[in-house]
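Right, one structure below, let's go through it.
The values are calculated or read from the model by the stated rules, or taken from the named source; none is laboratory data. Model, not experiment: these values are computed from the prediction. Note that each Cβ is placed from the backbone with ideal geometry, even for glycine, and that neighbours are counted across all protein chains shown. All accessible areas refer to the heavy atoms of the entire protein, side chains included, with ligands and DNA or RNA removed. Shrake-Rupley method; radii C 1.70, N 1.55, O 1.52, S 1.80 Å.
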Amino acid sequence: MSDHNNHKEEQHGKKPGTKREMSRRQFLSYTLGGAGGFMGAGIIIPMIRFAIDPVLQKKSAADWVKVVEESKITNVPQAFTFQIHQVDGWYESDAELVAWISKDSGGKLFALNPTCKHLGCTVNWNDNPAYKNQYFCPCHGAHYTQDGKNLAVAPKPLDEYTTKVENGFVYVGQLHANTRV
């Protein structure tokens, strides 16, 4: 019993702030864990970078696309198709789009996107006898004025393309919210 008491006295006699040595098992555990974490990060970081890289790319303004000769534009909207080169993330394609182009009462040229603002169907000009001289959506009955102003069903007016006339040709650019209404 005296040996037991002596051993307790030796333990109690130690100062509380003494440094413990690292065991071989702890050293290997920390070393292998750190090396494994470093290698894992080396694999994961490029994957994350690959996934978010398209989001980090600087967005450029839309290029101007030649659509039609200016002499063919009248006060009655006409549908004209044109192609654009688009990049969607890592996927590149040539899309065919449509613009309804006409002149207003003041002779100013404008182009509207035919996508209905209700659910995305395609609108047509003067297509329904009940809605003369209006854009009409056959999907849910939305209709718009010649300027693209929404009259029923759709919550917003048709979107408008930026336009310019250069060397006798009409060019369309960036799509934006309608400024005519």
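Counting only residues that are open to solvent by 40 Å² or more (accessible area, probe 1.4 Å) and hydroxyl-bearing (S, T, Y), which one in the range 73-94 is nearest to the chain's Cα centre (by Cα)?
Selected residue: Y91.
Yes/no per residue for (1) over 18 Å from V76 (Cα atoms); (2) in contact (Cβ under 8 Å) with a residue 40 or more places away in the chain; (3) surrounded by fewer than 20 Cβ atoms within 10 Å (Cβ to Cβ):
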site: Y135; (1), (2), (3): no, yes, no
site: H140; (1), (2), (3): yes, no, yes
site: K149; (1), (2), (3): no, no, yes
site: A152; (1), (2), (3): yes, no, yes
site: P155; (1), (2), (3): yes, no, yes
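Just need a number here: residues in the range 143-161 that are among the small types (G, A, S) and touching a Leu at 6+ places or on another chain (Cβ under 8 Å).
Going through the range 143-161 one residue at a time, the tally reaches 1.
Could you grab the pairs with beta carbons closer than 9 Å, sequence gap of 6+ or different chains, first residue in the range 35-60 and free of Cβ contacts under 8 Å to residues at least 40 places away in the same chain, second one loosely packed, with under 10 Cβ neighbours inside 10 Å and assigned to a helix (DSSP H, G or I)?
R49/L56
Test of understanding: among A99, A79, which residue is touching a strand residue (DSSP E or B) at 6+ places or on another chain (Cβ under 7 Å), more than 17 Å from H176 (Cβ to Cβ) and assigned to a strand (DSSP E or B)?
A79
Which of the following residues is of a type in the set (V, I, T) and under 30 Å from K132 (Cβ atoms): V55, V98?
Details: V55 fails: under 30 Å from K132 (Cβ atoms).
Being of a type in the set (V, I, T) and under 30 Å from K132 (Cβ atoms) holds for just one of V55, V98, which is V98.
Could you tell me whether any residue of the range 160-181 is of a type in the set (F, W, Y), open to solvent by 60 Å² or more (accessible area, probe 1.4 Å) and over 22 Å from the mean Cα position of the chain (by Cα)?
Just the residues of the range 160-181 that are of a type in the set (F, W, Y), to begin with: 161, 169, 171.
From what is left, the residues that are open to solvent by 60 Å² or more (accessible area, probe 1.4 Å) are 169.
Next, only the ones that are over 22 Å from the mean Cα position of the chain (by Cα) stay: 169.
Scanning the range 160-181, I find at least one residue that is of a type in the set (F, W, Y), open to solvent by 60 Å² or more (accessible area, probe 1.4 Å) and over 22 Å from the mean Cα position of the chain (by Cα), so the answer is yes.
Say whether the condition of being outside any loop (DSSP other than H, G, I, E, B), at pLDDT 90 or above, within 14 Å of N178 (Cα to Cα) and in contact with a strand residue (DSSP E or B) (Cβ under 9 Å, 6 or more places away or on another chain) is met by at least one residue in the range 130-145.
So far as the range 130-145 goes, yes, one or more of its residues are outside any loop (DSSP other than H, G, I, E, B), at pLDDT 90 or above, within 14 Å of N178 (Cα to Cα) and in contact with a strand residue (DSSP E or B) (Cβ under 9 Å, 6 or more places away or on another chain).
Go through the range 95-107 and give me each residue that's under 19 Å from G173 (Cβ atoms) and either modelled with pLDDT under 90 or open to solvent by less than 100 Å² (accessible area, probe 1.4 Å) (or both).
In the first step, residues of the range 95-107 are kept if they are under 19 Å from G173 (Cβ atoms); the result is 95-104.
Answer for the range 95-107, where residues must be under 19 Å from G173 (Cβ atoms) and either modelled with pLDDT under 90 or open to solvent by less than 100 Å² (accessible area, probe 1.4 Å) (or both): A95, L97, V98, A99, W100, I101, S102, K103, D104.
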